[in-house]
Each structure stands twice: as C-alpha cells, then as structure tokens.
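These notes concern the structure reproduced below.
The values are calculated or read from the model by the stated rules, or taken from the named source; none is laboratory data. These numbers were taken from a predicted model, which means no experiment stands behind them. Heads up, the Cβs are rebuilt from the backbone with ideal geometry, glycines too, and the neighbour counts pull from every protein chain shown.
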Amino acid sequence: MQLHPADTGGSFFEIDWDGKQEPEGHWEPAGGSGWIKAKRTEVVTRYSAVELQSPDPQGLAERWSQIAGVPIRKDSRGRLEMPLDNASVRFVEATDNRGEGLSGVDLVVADRARLNSAAEKRGLKISDDHLTICGTRFYLIAPNG
C-alpha cells in the first residue's frame, strides 16, 4: 500500500508485508525471491536507514509512528527514528532549503576504495562520511559501524 505525502508528510509511505516471511523479502515486482540471486554486494551491502527532513521532525515522526503503529525512539546520536524489521526511518530538521522530503540514505559500504573511484570518475565529491547525488546525501557506513 502506498500513501501519498499529502496525507503522510515527508515522502511516499509504502507499507509492504512478506507473506512468506523471508528475511530478505519475497517481493513480487522483482520476481518473488529470485531477485536475491542477482543482488550485488561487492561495493554496498545494503542500506540501513533512510532520512526524512522536515521543518517539524518531531511532528513528522509522530505522524509516521501513528500510521505504522511503531514507536519512535532516539538513535545513538539522539536523532528521532522509527525502527523497522530491516532498516529504520530517521527524522531530522530540514537545513538545506529543499523542503520536506527524503534527505539521506545510510549505505553500508563493503569496498570504500571502489566506491570512491566510481564517484570520482563521475565527478562526484565525497566527504568523510557522505556522498551527495542530486541533493540527496548518501551516508557511508562501515560494515561494523
């Protein structure tokens, strides 16, 4: 089920469930469980969080929590987050003049050198902890971090 940002705030809110209860997810649009064989994890193994920015991150977090029935907590850095089975949704203050919406994605990086090389070839600048593409910050997380 997809809920529109006009109703939820922040971004599209998609609610999926896996009737087969497979940890990686039996997702029919990607071929059921067949997508797992095509998964490439040499450079990035997975994403661990998405970040939504808002002028009112507390209000947005409470709205999403109410819809999902999942309590909000604070992460290790004191930021609001809604934990999910395989990742989390983080809610932060909008500070980049792009308004409310998706502001970042946490990527667990297996091969930082290869990621850096690919980014440089495309003229993208990487800071110590993130890469920005089209205004969205991709936070680079160590596998054990």
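Do we find that residue 115 is among the hydrophobic types (A, V, I, L, M, F, W, C) and assigned to a strand (DSSP E or B) in this structure?
Details: among the hydrophobic types (A, V, I, L, M, F, W, C): yes; assigned to a strand (DSSP E or B): no.
Taking the combined requirement at face value, the residue does not satisfy it.
Name the single residue that is nearest to the chain's Cα centre (by Cα) among those in region 80-99 being modelled with pLDDT under 95 and charged (D, E, K, R).
Going through the qualifying residues, I end up with 85.
Residues are listed down the side, and each one gets a yes or a no for (1) surrounded by 11 or more Cβ atoms within 10 Å (Cβ to Cβ); (2) more than 23 Å from residue 87 (Cβ to Cβ); (3) touching a residue at least 24 places away in the same chain (Cβ under 8 Å); (4) not polar (S, T, N, Q):
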{"position": "105", "(1), (2), (3), (4)": "yes, no, yes, yes"}
{"position": "111", "(1), (2), (3), (4)": "yes, no, yes, yes"}
{"position": "117", "(1), (2), (3), (4)": "yes, yes, no, no"}
{"position": "120", "(1), (2), (3), (4)": "yes, yes, no, yes"}
{"position": "134", "(1), (2), (3), (4)": "no, no, no, yes"}
{"position": "139", "(1), (2), (3), (4)": "yes, no, yes, yes"}
{"position": "142", "(1), (2), (3), (4)": "no, no, yes, yes"}
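State which residue is farthest from residue 67 (Cα to Cα) when the search covers only region 9-50 and only residues that are modelled with pLDDT under 90 and β-branched (Val, Ile, Thr).
Filtering first and then ranking leaves 36.
Does residue 65 count as touching a Gly at 6+ places or on another chain (Cβ under 6 Å) and farther than 26 Å from residue 112 by Cβ? Walk me through it before giving the result.
Numbers: touching a Gly at 6+ places or on another chain (Cβ under 6 Å): no; farther than 26 Å from residue 112 by Cβ: yes.
Taking the combined requirement at face value, the residue does not satisfy it.
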